Each structure stands twice: as structure tokens, then as C-alpha cells.
1. Note down all Cβ pairs under 8 Å where the first residue falls in the range 466-487 and is modelled with pLDDT of 85 or more and part of a helix (DSSP H, G or I), the second is small (Gly, Ala, Ser) and open to solvent by 20 Å² or more (accessible area, probe 1.4 Å), and they're at least six residues apart or on different chains.
2. Within the range 341-355, does at least one residue satisfy the condition of being crowded, with 18+ Cβ neighbours inside 10 Å, of a type in the set (S, T, N, Q) and not in a strand (DSSP E or B)?
3. Please report, ordered by residue number, the strands (runs of 3 or more DSSP E) entirely within the range 122-173 with at least 2 residues that are within 26 Å of the chain's Cα centre (by Cα).
4. Out of the range 296-325, which residues are charged (D, E, K, R), in contact (Cβ under 8 Å) with a residue 24 or more places away in the chain and under 18 Å from Asp133 (Cα atoms)?
5. Of the residues that sit in the range 287-306 and are under 22 Å from Asp257 (Cβ atoms) and assigned to a loop (DSSP other than H, G, I, E, B), which one is most open to solvent (accessible area, probe 1.4 Å)?
6. I'm told Gln231 meets every condition in (1) outside any strand (DSSP E or B); (2) surrounded by fewer than 13 Cβ atoms within 10 Å (Cβ to Cβ) except one. Can you identify the failing condition by its number?
7. Cβ contacts < 7 Å: first residue under 12 Å from Phe22 (Cβ atoms), restricted to the range 101-115; second residue of a type in the set (S, T, N, Q), any location; separation 6+ or different chain. Result?
8. Select from the range 421-433 the residues that are in contact (Cβ under 8 Å) with a residue 60 or more places away in the chain and farther than 12 Å from His331 by Cα and list them in ascending order.
Amino acid sequence: EIGVERRFVPESCPRAVRPGDFVRYHYLGAFPDGTRFDSSYDRGSTFNVFVGKGQLIAGMDKALVGMCVNERRFVKIPPKLAYGSEGVPGVIPPNAVLHFDVLLIDLWNSEDNVQVQTYFKPEKCPRTVQVSDFVRYHYNGTFLDGTLFDSSHNRMRTYDTYVGIGWLIPGMDQGLLGMCVGEKRIITIPPFLAYGEEGDGKEIPGQASLVFDVVLLDLHNPKDGIAIENQLVPESCERRSQTGDFLRYHYNGTLLDGTLFDSSYSRNRTYDTYVGQGYVIAGMDEGLLGVCTGEKRRIIIPPHLGYGEEGRGKIPGSAVLVFDIHVVDFHNPSDSVSITVNYKPSNCTVLSKKGDYLKYHYNASLLDGTLLDSTHSLGKTYNIVLGSGQVVLGMDMGLQNMCVGERRTVVIPPHLGYGEDGVEGEVPGSAVLVFDIELLELVSGLPEGYMFVWNEEVSPNLFEEIDQNHDGEVLLEEFSEYIRAQVDSGKGRLAPGFDFEKIVQNMFTNQDRDGNGKVTAEEFKLKDQEAKEEHDEL
């Protein structure tokens, strides 16, 4: 009978050799005196054979049964179960006892199928791999004995392929079906569903079982469109984005496995773009339509609507992209100022107009409610001359036709506010502004083009009255003193809200036509004596 000594038995032995199995093993063959007569190691390839089908000497057929992969056995086989009284001429003498040191490398059966062992599955699995899907996965490829023959991790690049259409070995095509993104599984493939009798001609020998430790990173189908998951939709949504609108939004961009590749939050600046006009990838162009200010949504974009097969920067080729976005504001270049009156006094007859001097309180915020500024916190009003360019154009428009005590909300698009640049450290570029305003005081301005008007009849000897020393010339000091006296006495009135010295300087300069710092009687003219000019006159 044969003698079997089990010199090494692995801790895990999921299956053992049975008659009819196909095995791949290494061996050293020697006589009892230690003389070696054969070795698979010397040939550099395993011995491959079916067990129990008469393809081996009887003693080896028996000795291999019950072996595990990676088990090592020392086998003594008597002549009657080896080569008997005939021996093998020139190699094995008659009636020789044979010793074999055997290491089992591989084991399979022609009735085997692909074996799948999932050792990690994410809690959420909204979608699994189907035939014709395109997948991106990492893998370690080993033989049954654990020898590594290939690894996508070593190349630092996923393996990207279609499933179920013949781009993979049949066993991998089967083994990937039903996987979730993030799932990890071990796929064991018999050689007839892998590289068969010939192997791959490189690392994989013929008749080798293959073991792939796979983690699925990405999954899509060429027929996929974008997917939108609404995470937060404001209760009040008066307007939704349309093609041609300009959006400001924050985002986190990840791959399907959760790997972060970009974030506007990390730059502390929104991403600003037109929608539906090709300024962003096609999937984002589509995903940003129909959003409200303040809305949060997840946009899942297949690669053919993202960065395609080539990828970009940290984004690998053929990657599905996941954007978690928060819409901060949006507007259209055709937008004008929006005015909502929140309160109007019953007595509202005097309405603000260009040139009026206004005092008002305001709270300024972005569309998402972020407070930018408030006169209330400063404890004083904001004072301007309406229509004089002292505020942004949208505010000039929003303060028109307002009465004292009125409260209104004014929404100003950026092209009527602070534009693309904004105000550094205060107002973001391209931001829509919201002002809650209360008008507290209104001083009527002068007719357009006037900086000073008379409240009574003008003296026919006006120049002589101004020329106090009667030298025929009026200096700035004389001019300033006269105007101040008229205002103090109530005979004349200056445009409200402007600096007295600047107004007087402007009026004097307009009269000093030759620019010599003096006004003569010939130069001096009243407003109604002038042809219509652009500058302000006395």
C-alpha cells in the first residue's frame, strides 16, 4: 500500500481532490536512497492531469485524493502501484519503490461553475451590473495557491470594460453581474471559462483556475441619461432656472465610489456659469435646469455626458460623476430690478424722483439670505441724492417713486449691481442683491441741471451785488460768500445732499469761461440766458 505523510496542510481547505477532478501540481520524484529521477520544477511547469481516470500510476491516483490546494504530501508508492516489474527503461528500474514530494497548486472539475463570494456589500445598492453595462473596477488576480499574476492596483488604473458582450473572459463576464458600486467580491473561475488549455501565453499557464479579488468603483450604461435626486427644495420657489440664465452654485464633485475630485467649498467661491449654452459639461447643463434658489440636489452624470473616455485632471476616463449642488442664486441678463412694496402709508403723495435727497434704512442680503450689510447695525441712515450715481444703478431705480414711510424689497441683478467683479471681501461677483428698504426722509431736489435756484425774484443788478469791491471782477471767495448769504437768508436754495464748497466751486467754474480764476460781467450769465449746455449753471 502507499504511504502518505502530510507535511503541510493549509488552515483553509474549501475543497479537496476527488476522483474526476483536474489537478495541477509540482513534484520531486526520487528513489529511497534519495536519487532523483524526475522533477516538474526542472521543467518549469506543473504536471496537469485528471485524477482517477487512469492517466497516472495507480499509487499517485490514490495519493492525490483528499489533497487541498497548497497542501504538501510526501508519498511512498510500492512497485505494484507504480511501474511494477517492468519499470521504465533508462529511468526507473524494475520493482522500484518511488518517493514523491507533491505540492498541489490547482484543482477544478469540468462541472464547476464560476464561484462568487461577496465579502463586502454597501447598505445602499440602487443599481447592479447588467449585461451591456460599462464598469470600472480594481482587481488582484491570483492563482488558487495565492500567487499574484496581475493587479490593476499596481498599475494605479482601473480596468474599464463592457460586461456580457465578450470583451472579458466568460467567467469574469458572469462574475461581475449583479455587483453594486462599492461591493467587494472574490470571483473564482475554472480554466474552461478563463484562458483554457493554452493560458494567455504570458503570465497565466494552461488549465489554470483564476481568482479575482474585485472592488467595483463605477457603473453605467451607454443609454443612461442624467439622474437627479432632490435633497432639499425650498417651500417657496417663485422662479426656476431656464436656458440662458446665469447661476451661482456650490458643489462637491465625487466619483460613484465617493472619491472627492473637486469642491467649490474648498475654494470658498461659488461656481458661476450660464446654463444650457455649453459652458459646462452636457450633463451639468441639463441638471441645472429647473432649479430654485436655495435648492440642493444630486446630479449623477454618465461619462458620455461628462468627461468621456479621456477624463480630465483627477477625473479618470469613463467615470460617472456625482455632483451635490447648492444653488445660491441665479438671474437672466435680461432681468431688470424687481420691486415688491411691503408697506405704503395712506398719505403717499410726495414721491421720490431724480435729484431728491433721501435718507433710508436698509438690510442688504444675497438671494440665499446671507446678510451683507445693514444700516440698522450702524445706527445711522444711508443718505444719497437720487439719480446722481452715488449708489449702484439698480438701487437708483429701486428708490424711484417712493414715499416717506414706505417699505419695499428691491432685488437687483448683478448687471445693475456690482457686476462680475463684485466688491472684494463684501459682495461676491455676479451676485443678485436683495435690499429691504424703509424711506425715512425726503428732501425735494432742484430741477434737473440746476445746482442752485432762487426762491424769489432775481435782482437785475446781480453781478454788481456779487462784486462787493466793485472792481468788475468776481473771485471765488466773493462768489462763495454771496451764495452762502442767499441760502442762509432763504432767498436761494442749493441742491440738497451735496457738499456746499463743491457746488459753489462747480458753479463758479461754469461762469469762469476763460478759466483765469475770475468772472467778469461779460462772462456772467443766468441759466435762462444760456443756450442749453451739459454742465450746471447758476
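1. Once the first residue is modelled with pLDDT of 85 or more and part of a helix (DSSP H, G or I) and sits in the range 466-487, its partners that are small (Gly, Ala, Ser) and open to solvent by 20 Å² or more (accessible area, probe 1.4 Å) give Leu476/Gly517.
2. Among the residues of the range 341-355, at least one is crowded, with 18+ Cβ neighbours inside 10 Å, of a type in the set (S, T, N, Q) and not in a strand (DSSP E or B), which makes the answer yes.
3. Where strands (runs of 3 or more DSSP E) fall fully within the range 122-173 and carry at least 2 residues being within 26 Å of the chain's Cα centre (by Cα), they are 134-143, 159-162.
4. Correct list: empty.
5. Gly306
6. Answer for Gln231: the failing condition is (1).
7. Note: pairs meeting the criteria are Leu104/Asn70; Ile105/Thr46; Asp106/Ser209; Trp108/Ser209.
8. Pro428, Gly429
The values are calculated or read from the model by the stated rules, or taken from the named source; none is laboratory data. In this text, all values refer to a predicted model and were calculated from it rather than measured experimentally. As a convention, Cβ positions derive from the backbone with ideal geometry for all residues, glycine included, and neighbour counts pool all protein chains shown. These accessible areas exclude ligands, DNA and RNA; they are computed on the full protein's heavy atoms, side chains included. Shrake-Rupley method; radii C 1.70, N 1.55, O 1.52, S 1.80 Å.
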